[in-house]
Each structure stands twice: as structure tokens, then as C-alpha cells.
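Below is one structure, written out as C-alpha cells; the observations come after it.
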Amino acid sequence: MPRGVGAADSFGDPDGLSVLPAEEPLIASAVEKRRREFTTARHLARRALGQLGVEPVPILRGERGMPVWPRHVVGSMTHCDGYRAAVTAYSMQIRSLGIDAEPHAPLPDGVLGHTSIEAERDVLTARSAHDDGLHWDRLLFCAKEATYKAWFPLTHRWLGFADAHIVFDRDDAVGTAGEPAGTFTSTILIDGAAIDGGPPLLTLPGRWQIANGLILTTIALT
Ligand SMILES: CC(C)(COP(=O)(O)OP(=O)(O)OC[C@H]1O[C@@H](n2cnc3c(N)ncnc32)[C@H](O)[C@@H]1OP(=O)(O)O)[C@@H](O)C(=O)NCCC(=O)NCCS
């Protein structure tokens, strides 16, 4: 993440956390698993806000599940088995953020056809010719979900899996612990008109990393 982004993550659900009273109705009828991931992610979001100097506030749910951040702040949250994370930034520095985590495992059979376009599947087929141990199908899915999370708060419009074309690059040098990592670009294939008065969304720049059995994708649009 670029400078100016607050970030916090966790590989479990620490004991003793609770949501703020205003958030309680959002999980009033949630099962225990959902309650725990929600509570931990909200806690991490407040830690990430704290890195910006923002006081702890409730993070409610807006249109189509979008998290509602304090005025002049953008952010994103993710939770999957064994991982939770939140990122935040001031909107003057970063226009939108998107983050997604997924287990580093193949997509279930039949899912790729619904979550990719032909050009992406062609690249995946070429990559599978020299097995590098990476599950590019799941990485593609993860990058698309991060794309949606960065896209939606700026457009308030649906973005389908066929509405963005993702192209990956892999870093030559791996991370200090030897984790594969790289960048990606999400090219938006539909009208990218934004509601914030800024330019239309044409391409979103992202980063990806695989570590600890997890894929993490992040987008920071400036
Ligand atoms: C919304 C979606 C991206 C969430 O991803 P996920 O892997 O299921 O779940 P994650 O745990 O990673 O993320 C959930 C968080 O996403 C955030 N989120 C949900 N809807 C959102 C929206 N419309 N805009 C931005 N963020 C949103 C929320 O913070 C949510 O957590 P919370 O409910 O605890 O607040 C996914 O469910 C979805 O609807 N995908 C279809 C759209 C899409 O991905 N299109 C591809 C475009 S190329």
C-alpha cells in the first residue's frame, strides 16, 4: 500500500473484542462465525483509522453492503478463513481503496467460467503449461473482488466479473520470505463515470501477494 494508507490485519479473532453499539444491529441475527469476522474486521478498521489520526467511530453499512467511512476517508475490509484486514486513507490522497483475501487454492470446478473473460482464460491456459505452483484462477477472482470494492464507492454501480479485464505482472524479486508477489491492472470495460466529480474509472492499479496459504490483492487508486 502507498504511503498515507492505514492498514491492520489479523490471522485470527482476538478474544475480548466487541462492536460499537451502533454496529450491533448489523449483526443482530448473524451466526457466530459472521459475528467474529465482522467484529475483528471492525476492530482492525478502527486501528487503521487510528493510524490516520481518526477517532474510533462506528462503520455502518451503506448501499449494496459498502462500508460507510468517516467524511473524507476511504477504506476497504476483507475477511476469509484465517485472515482479516482493513485499509484506510484520506480521500485527498487516495481516491479509493479495495482489498480482498482468499485461500490460496484452486477455484471450485465451474467457477472460472463465470468469473473471467476469454482473454483472461487464454492467459491462464498459457500459464498452466509451465506449472509455477500458483493458483492463478483464484488470484484472478481475488483481484476482481478487490476491483469491485474500489469501484463501487466511486460509482454506486454494479460491476460484473465480465466488466473488467485483469492483467497480471509478477515481480522478478520475491519478498523477503520468498513469497510470490506482483502487480496487476484492472481495465474497466464499461462506462466508468464516477460520482465524486473525478475522472471516469478506466484502469485500477493493484498489487498481489501470496503468503501463509493466502492470496491478498490490494488496489489504491490515486
Ligand atoms: C462484495 C464482495 C466483493 C465481497 O467479497 P467477499 O470475498 O465475498 O468478502 P470479503 O470478506 O472479502 O469482503 C466483505 C467486505 O466487503 C465490503 N463490501 C461489501 N459490499 C461492498 C461494496 N458494494 N462496495 C465496497 N465494499 C463492499 C464490506 O466491508 C464487507 O465486509 P462487512 O460486510 O463485514 O462490512 C462480493 O461478495 C461480491 O458481491 N462480488 C461480486 C462483485 C464482483 O466482485 N465483481 C467483480 C468485478 S471485476
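Tabulated data
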read-out: Tally of residues being buried (at least 24 other Cβ atoms within 10 Å of the Cβ) and aromatic (Phe, Trp, Tyr) across the stretch 137-165; value: 1
read-out: Candidates THR88, THR147, filtered to the one that is outside the structural domain of ALA181 (by TED's automatic domain parsing), more than 18 Å from ASN212 (Cβ to Cβ) and touching a residue at least 60 places away in the same chain (Cβ under 8 Å); value: THR88
read-out: Answer residue from the stretch 134-175, given it is touching a strand residue (DSSP E or B) at 6+ places or on another chain (Cβ under 6 Å) and of a type in the set (Asp, Glu) and is farthest from the ligand (Cβ to nearest atom) among those; value: ASP171
read-out: Which numbered condition PRO70 misses (of (1) without any contact (Cβ under 8 Å) to a residue 60 or more places away in the chain; (2) over 20 Å from ILE215 (Cα atoms); (3) buried (at least 21 other Cβ atoms within 10 Å of the Cβ)); value: (3)
read-out: In the stretch 203-222, the residues that are more than 17 Å from ALA8 (Cα to Cα) and of a type in the set (Gly, Ala, Ser); value: GLY206, GLY213
read-out: Near pairs, Cβ below 9 angstrom, 6+ apart or cross-chain, from the stretch 118-130 (touching a residue at least 24 places away in the same chain (Cβ under 8 Å)) to any residue that is of a type in the set (Phe, Trp, Tyr) and surrounded by 14 or more Cβ atoms within 10 Å (Cβ to Cβ); value: VAL123/TRP136; VAL123/PHE168
read-out: Test for ALA162: is it among the aliphatic types (A, V, I, L, M), under 23 Å from PHE11 (Cβ atoms) and in contact (Cβ under 8 Å) with a residue 40 or more places away in the chain; value: no
read-out: Residue in the stretch 181-197 that is under 25 Å from GLY82 (Cβ atoms), outside the structural domain of PHE11 (by TED's automatic domain parsing) and within 11 Å of the ligand (Cβ to nearest atom) present; value: no
read-out: Residue check, ARG46 among the basic types (Lys, Arg), more than 9 Å from the ligand (Cβ to nearest atom) and more than 15 Å from LEU154 (Cβ to Cβ); value: yes
read-out: Inter-residue pairs, beta-carbon under 6 Å, first without any contact (Cβ under 8 Å) to a residue 60 or more places away in the chain and in the stretch 4-21, second surrounded by fewer than 18 Cβ atoms within 10 Å (Cβ to Cβ), 6+ apart; value: LEU20/PRO58
read-out: Failed item in (1) surrounded by 15 or more Cβ atoms within 10 Å (Cβ to Cβ); (2) part of a loop (DSSP other than H, G, I, E, B), with GLU179 passing the rest; value: (1)
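Every residue, every condition in (1) of a type in the set (Ser, Thr, Tyr); (2) surrounded by 14 or more Cβ atoms within 10 Å (Cβ to Cβ), yes or no:
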{"position": "ARG84", "(1), (2)": "no, yes"}
{"position": "SER91", "(1), (2)": "yes, yes"}
{"position": "ILE99", "(1), (2)": "no, yes"}
{"position": "PRO103", "(1), (2)": "no, yes"}
{"position": "HIS114", "(1), (2)": "no, no"}
{"position": "GLU118", "(1), (2)": "no, no"}
{"position": "ASP122", "(1), (2)": "no, no"}
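The values are calculated or read from the model by the stated rules, or taken from the named source; none is laboratory data. For clarity, every value in this text was computed on a predicted model and none was experimentally measured. Neighbour counts are summed over all protein chains in view; Cβ atoms, including those assigned to glycine, are modelled from backbone coordinates with ideal geometry.
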